[in-house]
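A.B. asks: Okay, handing you the structure first.
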Amino acid sequence: MAVDIVFETHGTTEDNEAGIATGWLPGRLSAAGRENASSLGARRRDDQIAAVFTSDLRRAVETAEIAFAGSSVPILQDWRLRECDYGLLNGARVADVHGVRLRHLDNPYPGGESWTQATDRVAGFCADLRPRWDGQRLLVIGHSATRWGLERALQGRSLAELLSEEFSWQEGWTFQLEG
């Protein structure tokens with residue numbers, strides 16, 4: 001059996017709108033982000049989702065809470081789904097953090113972690129989904145590191161290639177965790 005994983009990003013934050021790389025800071029959804037979360041709920045509420053797994057950072061949790069308010073679908077937080085820890089650069093300008101991403105493929109940000117470490121966390125999360133969630137459809141709400149971790153672990157994509165691409169938003173990505 002397989003686990004069907006749908007990935008969605010958290011809603012737009014005040015930091016996103018200000019050009020800030022939030023990293024491991026909690027972040028808050030903006031008005032647009034709360035609308036994003038409502039739209040996510042409208043898209044996914046009737047999508048046979050067995051559970052929602054979300055990063056424990058406030059912006060992701062808030063997205064899940066808005067999207068699934070009043071629903072019986074359980075929302076489960078997991079710290080391994082967090083964004084990359086930019087260390088001393090958490091809360092710095094996006095250009096200062098993402099402009100040097102490839103330098104931090106294996107070398108941690110000062111006081112933080114590398115992209116390899118961040119995506120390895122996501123791979124560990126994936127490994128723990130079996131056998132409990134075999135045959136189920138799960139929603140994961142997270143960050144760019146979460147998506148890249150899923151692509152690396154479940155599709156074998158090169159992390160260097162992923163870090164070289166611009167992160168472009170879309171209405172969900174689908175992955176299969178095979179048996």
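A.B. asks: Could you give me D for the range 7-82, from Stokes-Einstein at 10 °C and 1.306 mPa s, where the hydrodynamic radius is the Kirkwood radius over C-alpha pairs? Units µm² s⁻¹, please.
C.D. replies: Diffusion coefficient, whole number: 128 µm²/s.
A.B. asks: Rank 169, 133, 148 by accessible area, highest first, at a 1.4 Å probe radius?
C.D. replies: The ordering from most to least exposed comes out as 169, 133, 148.
A.B. asks: With both bridge residues required to lie in the chain, what share of the DSSP beta bridges run antiparallel, to the nearest 5%? The partial results should precede the final answer.
C.D. replies: Working: 8 of 22 bridges.
Rounded to the nearest five, the antiparallel share is 35 percent.
A.B. asks: R0 = 41 Å: FRET efficiency of residue 46 with residue 107, Cβ-based, nearest 0.05?
C.D. replies: 0.40
A.B. asks: When the chain is fully extended, how far beyond the present Cα-Cα distance does residue 158 get from residue 137, taking 0.36 nm per residue of separation? Write out the running numbers ahead of the final one.
C.D. replies: Working: separation 21, 0.36 × 21 = 7.56 nm, distance 2.54 nm.
Between residue 158 and residue 137, full extension yields 5.0 nm more.
A.B. asks: Hey, if we sort 45, 121 by accessible area with the 1.4 Å probe, largest down, what's the order?
C.D. replies: Working: 45 95, 121 25 Å².
Solvent-accessible surface, decreasing: 45, 121.
A.B. asks: Return a whole-number percent for the relative contact order of the chain, with Cα pairs under 8 Å and 6 or more residues apart as the contact set.
C.D. replies: 34 percent
A.B. asks: When the Debye formula is applied to the Cα atoms of the range 117-167, each taken as the same point scatterer, what base-10 log of I(q)/I(0) results at q = 0.17, 0.21, 0.28 Å⁻¹?
C.D. replies: With one equal scatterer per Cα and no solvent, log10 I(q)/I(0) is -0.52, -0.75, -1.15.
A.B. asks: Using only the Cα atoms of the range 19-166, construct the convex hull and provide its projected area averaged over every direction, in square nanometres to one decimal.
C.D. replies: 8.8 nm²
A.B. asks: When the solvent-accessible surface of protein heavy atoms is calculated with a 1.4 angstrom probe, in what order do 13, 174 fall, highest first?
C.D. replies: On the way: 13 0, 174 80 Å².
Greatest to least solvent exposure: 174, 13.
A.B. asks: Would you grab the residues whose amide H sits under 5 Å from the one on residue 56? Only those 5+ places off in sequence or on another chain, please, with H modelled 1.01 Å from N.
C.D. replies: Long-range HN contacts for residue 56: 78, 79, 81, 82.
A.B. asks: Still on this structure, I have one more. Counting only heavy atoms of protein chains, what accessible area per residue, in Å², does the range 116-176 have with a probe of 1.4 Å?
C.D. replies: 44 Å²
A.B. asks: Spin-label point model (7 Å from Cα, Cβ direction): what's the residue 165 to residue 130 distance in nm?
C.D. replies: 2.4 nm
A.B. asks: Remind me, what semi-axes does the range 87-157 give for its equivalent ellipsoid, largest first in whole Å, using sqrt of 5 times each Cα gyration tensor eigenvalue? Before the final figure, lay out each step's value.
C.D. replies: Details: eigenvalues 148, 28, 22 Å².
The answer is 27, 12, 11 Å, longest axis first.
A.B. asks: With r defined as the distance between the Cβ atoms of residue 173 and residue 39 and R0 fixed at 25 Å, what FRET efficiency is calculated, to the nearest 0.05?
C.D. replies: 0.95
A.B. asks: So, with a 1.4 angstrom probe, what is the percent of accessible area on the chain that is carbon and sulfur?
C.D. replies: 48 percent
The values are calculated or read from the model by the stated rules, or taken from the named source; none is laboratory data. Note that the coordinates shown come from a computational prediction; the quantities given were computed from them, not determined experimentally. So basically every Cβ, Gly included, is an ideal-geometry build from the backbone, and we count neighbours across all protein chains shown. Note: accessible area is taken over every heavy atom of the protein model, side chains too, but ligands, DNA and RNA are not part of it. Shrake-Rupley method; radii C 1.70, N 1.55, O 1.52, S 1.80 Å.
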